[in-house]
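Here is the structure we will look at.
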Amino acid sequence: MIRETRNSINDIWGERTPYMAGAVWPARVDERTTEDPERWVRGTCVLCSNGCALDIGVKAGKIVGVRGLATDVTNHGRLGPKGLHGWEANNSPDRLTRPLIRRDGRLQEATWDEAMELIVQKSKEIIARQTSLGIGFYTSGQLFLEEYYTLGVLGKAGLGTPHMDGNTRLCTATAAAALKVSFGSDGQPGSVRDLDLTDTVLHVGHNVASQQTVLWSRILDRLAAPNPPKLIVIDPRRTFTAEHATVHLTPRVGTNVAVMNGLLHLIIQAGRTDPAFLEAHTVGYENLKKVVEKYTPEYVESLSGVPADDLRAAGEILANTRTLVSTVLQGVYQSMQATAAAVQVNNLHLIRGLIGQPGSGILQMNGQPSAQNTRESGADGDLPGFRNWDNPEHIRELAELWNVPVDQIPHWSPPTHAMQIWRYCEQGSIRMLWIHATNPAVSMPELHRVRGILQKEELFVVVQDAFLTETARLADVVLPAAIWGEKTGTLTNISRTVHISCKAVEPPGEARSDLDIFLDYARRMDFRDQDGQPLIKWNDAEGAFEAWKACSRGRPCDYTGLSYQKLLAGSGVSWPVNAEHPDGTERLYADGVFPTHADYTESYGHDLDTGAGVSAEQYRAADPGGRAIIKAAEHQEPHEVPDDDYPLWLTTGRQVYHFHTRTKTGWSRALNDAAPDAFVQLSPEDAEHHGLQNGDWVLVESRRGVVIERAMIGNIEPGLVFIPFHYGSWDDPSRPRAANELTLTEWDPVSKQPHFKYAAVRISRYDAGEVAAQAGGAVGRALAVVERLTGGRGTPELTTSPPPQPKTTSRVDG
Ligand code: SF4
């Protein structure tokens, strides 16, 4: 019998439990079960970066529901629609249960021995021919810390390849980059608890209401009580979040730096900086002051379209607030000048001295549940423990820890970032690409290129996932993976809070945890340390966690004071957790000391305009020695702008009911029914200009590809269109609809994060007969894509009946 404390599809954030600044956020336990559980097992939601703690209900060996954990620091019992419904993916009959190997052009069932031996044989062949530089890994932000650390060790110390990165490059690379630029190391300075205290919240490119619904509930509850915080939202769309703003700034695409510079200008002009803090704890302020001098409200309006008076209103709040929490996400990270813009948010806090104090913090957000772990454990373009690839002493520490020669660990250049890994695959220097828990055939930019790379004859592609995704369908070997609820591990949320998530049920069929797959590969490859002992000395998740603790010792993300026992005993705990901070650390930098010392910093930094790295010598010559670094940036025009041929801006993003490419949420009937299809959102003005009504089929073309979507009119500025990026072809191969058919292969010079938030496009009413009559150009490409996706059935005669609507009670953002 279904038990549900509320219908979270209709009532996304639940009833208000107002609380005033300084009070404790009242608990409210959200629960949804389809049968009465026999037992409850501790877990953590993995469907966004909030990391809400929960219990997993189990009956007869199956997951039958979840309930929030009332005592947890992050969610105080609450769960959002994804958390309450997403677990249904575990029980899907479509889960992968056996390995698959491509034989005679078709994926066919195989044994684990056959699949793993084939991977090992390919690995050895490639190493013999061209060293381990021929092997690359493209991992995820959705595994557990223990799995990433094991992967990091086998890649860096076992194979010795620098080619390992995560899809975190697409989602949070800019968060890491901006934190390194300003503070010397990755790691969120603030805490979600600062929201309980703050006077002002600033959301920059972050639609928190849709992306982290429980975090938004916390803010809504502050807004519903007396003396609510002021809310400033910077977003070109009128989102759920923006509906509640005290001031909503709607900049044109690609102008975040201009707007942030305008706000910095206003604070400085108002004389509201903190000179004592700047003097004692920062370097670089004078240059910032000089750079932002010309960013008057009128100048910013000319660049961004934000009315000067709106900017002044936001500037006045920011200049006078006593406390401030800022959050930043994809509207900044996936846009032009990503790192430069994110750094200006850090600068705002630094010039006002609003950091490290109760109620004041920066949350350079993550998108995925364990993106923080990918970055801290070295499974992406970073070294474990936020070590600096360019610091020989940091490499020596790792070599000693792993007992391997220093030169076994690749450190002659920065670890290869994902966009470059894909380029090497395209060029042919990487011959084996191993993909885990991510779906680049939908999530990467410029999809026709990505499909082409995955289909290259000479590239051996391994995909490890729970479902036969669009990417898995193109693989040479598919490994069935256990997912959340079927394995134990830890993950760290946007507040540096570490949670444990335990195995509640067995995985389906022969599916194995990612950890077991990595351990099996390491054993079969016979990776050894320099004493001839197995390189990887652990056999289970807790063993991996203990090994990771040793690696994190003395680093900013110090886990040495944590244990599984401690994590199971109560709430999540925020790192660093060590002898000095046995109960964890709520916010960083309370003492005004930042990890920028040359011997300690994670990075020597970059030029924000060009991405050129700062050398060790240059950095040491002006060692900030524990002070934060204020770096300024000028606004630059985006590289592709609308013109006569492609007159509209495209921006892409997410919806409240789905996570990533729906590889989990797409298997929940309720979530899928609430948001069943992609659409193109456009303004009434643009709709009228093109003669479009709500629900009409629209052909959207960029220089790289086309999609066909239903029109959704309203809640967006003229000149801008929006398409959610979740939708690929696995459940609808009838038409090209993935937003990334249209996006650009370009990336931020510092974080290397691709630009999903802008591209020039044109739109027209889609008429199958008209399109079929044309050939060549973008429409020709549309036909080619449609032919392939529909198995040669020709131009889709799309239905003229009303579009598949979200349930009337569900809400579509925008
Ligand atoms: S807010 Fe995020 S972590 Fe929390 S229940 Fe929703 S999807 Fe899960």
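The values are calculated or read from the model by the stated rules, or taken from the named source; none is laboratory data. All values derive from a computational prediction rather than experimental measurement. Positions of Cβ are generated from backbone atoms using ideal geometry, with glycine treated the same way; all protein chains shown enter the neighbour counts.
Can you say whether Glu617 is in a helix (DSSP H, G or I) and exposed (fewer than 13 other Cβ atoms within 10 Å of the Cβ), as far as the supplied structure shows? In short, yes.
Going residue by residue through the stretch 200-213, is there one that turns out to be outside the structural domain of Asp382 (by TED's automatic domain parsing), in a loop (DSSP other than H, G, I, E, B) and more than 16 Å from the ligand (Cβ to nearest atom)? So far as the stretch 200-213 goes, yes, one or more of its residues are outside the structural domain of Asp382 (by TED's automatic domain parsing), in a loop (DSSP other than H, G, I, E, B) and more than 16 Å from the ligand (Cβ to nearest atom).
If you go through the stretch 43-63 and keep only what is in contact with a strand residue (DSSP E or B) (Cβ under 6 Å, 6 or more places away or on another chain) and more than 28 Å from Arg654 (Cβ to Cβ), you end up with just Val58.
Listed by position, the helices (runs of 4 or more DSSP H) contained in the stretch 259-351 that have at least 2 residues being among the acidic types (Asp, Glu) are 297-304, 308-320.
Residues in the stretch 65-76 that are more than 7 Å from the ligand (Cβ to nearest atom) and surrounded by 24 or more Cβ atoms within 10 Å (Cβ to Cβ): Gly65, Val66, Gly68, Leu69, Thr74, His76.
For the stretch 636-658, check the following and say yes or no: at least one residue is touching a residue at least 40 places away in the same chain (Cβ under 8 Å), within 30 Å of Thr273 (Cβ to Cβ) and either in contact with a strand residue (DSSP E or B) (Cβ under 9 Å, 6 or more places away or on another chain) or not charged (D, E, K, R) (or both). Checking the stretch 636-658: at least one residue is touching a residue at least 40 places away in the same chain (Cβ under 8 Å), within 30 Å of Thr273 (Cβ to Cβ) and either in contact with a strand residue (DSSP E or B) (Cβ under 9 Å, 6 or more places away or on another chain) or not charged (D, E, K, R) (or both). When we screen Thr150, Thr139 for residues that are touching a helix residue (DSSP H, G or I) at 6+ places or on another chain (Cβ under 7 Å), among the polar types (S, T, N, Q), within 23 Å of Ile421 (Cβ to Cβ) and at pLDDT below 95, the only hit is Thr139. Taking the stated definitions as given, is Ala225 at pLDDT 95 or above, in a loop (DSSP other than H, G, I, E, B) and within 13 Å of Val204 (Cβ to Cβ)? The answer is no for Ala225. Considering only residues in the stretch 340-372 that are of a type in the set (Gly, Ala, Ser) and modelled with pLDDT under 95, the one that is nearest to the chain's Cα centre (by Cα) turns out to be Gly367. If you check Ala482, Ala550 for being crowded, with 20+ Cβ neighbours inside 10 Å, more than 30 Å from Thr327 (Cβ to Cβ) and hydrophobic (A, V, I, L, M, F, W, C), only one passes: Ala482. Residue count for the stretch 703-736 satisfying the condition of being touching a strand residue (DSSP E or B) at 6+ places or on another chain (Cβ under 8 Å), surrounded by 22 or more Cβ atoms within 10 Å (Cβ to Cβ) and small (Gly, Ala, Ser): 1. Output the residues belonging to the stretch 381-398 that are under 13 Å from Gly152 (Cα atoms) and assigned to a helix (DSSP H, G or I). Correct list: Pro384, Gly385, Phe386, Leu398. Taking the conditions exactly as written (at negative phi, in the same structural domain as Thr469 (by TED's automatic domain parsing), over 24 Å from the mean Cα position of the chain (by Cα) and among the small types (Gly, Ala, Ser)), does Gly152 satisfy them or not? So Gly152 fails the test. Check whether at least one residue in the stretch 496-510 is of a type in the set (Gly, Ala, Ser), without any contact (Cβ under 8 Å) to a residue 40 or more places away in the chain and surrounded by fewer than 24 Cβ atoms within 10 Å (Cβ to Cβ), and report yes or no. So far as the stretch 496-510 goes, no, none of its residues is of a type in the set (Gly, Ala, Ser), without any contact (Cβ under 8 Å) to a residue 40 or more places away in the chain and surrounded by fewer than 24 Cβ atoms within 10 Å (Cβ to Cβ). Return yes when Pro81 is without any contact (Cβ under 8 Å) to a residue 60 or more places away in the chain and out of contact with any helix residue (DSSP H, G or I) (no Cβ under 6 Å at 6 or more places or on another chain) and no when it is not. Against the criterion (without any contact (Cβ under 8 Å) to a residue 60 or more places away in the chain and out of contact with any helix residue (DSSP H, G or I) (no Cβ under 6 Å at 6 or more places or on another chain)), Pro81 does not qualify. Tally the residues that are part of a strand (DSSP E or B) and more than 27 Å from the chain's Cα centre (by Cα), restricting the search to the stretch 1-32. Residues in the stretch 1-32 being part of a strand (DSSP E or B) and more than 27 Å from the chain's Cα centre (by Cα): 2 in total. Scanning the stretch 186-222 for residues that are among the hydrophobic types (A, V, I, L, M, F, W, C) and either within 19 Å of Gly80 (Cα to Cα) or modelled with pLDDT under 95 (or both) yields Val192, Leu195, Val208, Ala209, Val214, Leu215, Trp216, Ile219, Leu220. Within this structure, Thr438 fails the test of being of a type in the set (S, T, N, Q) and within 16 Å of the ligand (Cβ to nearest atom).
Across the stretch 629-658, the number of residues qualifying as of a type in the set (A, V, I, L, M, F, W, C), under 24 Å from Leu179 (Cβ atoms) and not in a strand (DSSP E or B) comes to 3. Please determine whether any residue of the stretch 131-148 is of a type outside the set (Asp, Glu), without any contact (Cβ under 8 Å) to a residue 40 or more places away in the chain and in the same structural domain as Thr416 (by TED's automatic domain parsing). The answer is yes, given that some residue of the stretch 131-148 is of a type outside the set (Asp, Glu), without any contact (Cβ under 8 Å) to a residue 40 or more places away in the chain and in the same structural domain as Thr416 (by TED's automatic domain parsing).
Counting just the residues of the stretch 46-64 that are within 10 Å of the ligand (Cβ to nearest atom) and in a strand (DSSP E or B), which one comes out nearest to Arg218 (Cα to Cα)? The qualifying residue nearest to Arg218 (Cα to Cα) is Ala53.
Right, Arg237: in the same structural domain as Leu195 (by TED's automatic domain parsing), touching a strand residue (DSSP E or B) at 6+ places or on another chain (Cβ under 7 Å) and more than 14 Å from the ligand (Cβ to nearest atom) or not? Judged against the criteria, Arg237 is a match. For the criterion of being within 27 Å of Gln188 (Cβ to Cβ) and not assigned by TED's automatic domain parsing to the domain that holds Ala674, Ala70 passes. In the stretch 77-95, which residue that is assigned to a helix (DSSP H, G or I) and in contact with a Pro (Cβ under 9 Å, 6 or more places away or on another chain) is farthest from the ligand (Cβ to nearest atom)? The qualifying residue farthest from the ligand (Cβ to nearest atom) is Asn91.
Taking the stretch 217-270 as the range and being more than 25 Å from the chain's Cα centre (by Cα) and among the small types (Gly, Ala, Ser) as the test, the residues that pass are Ala224, Ala225, Gly262, Ala270.
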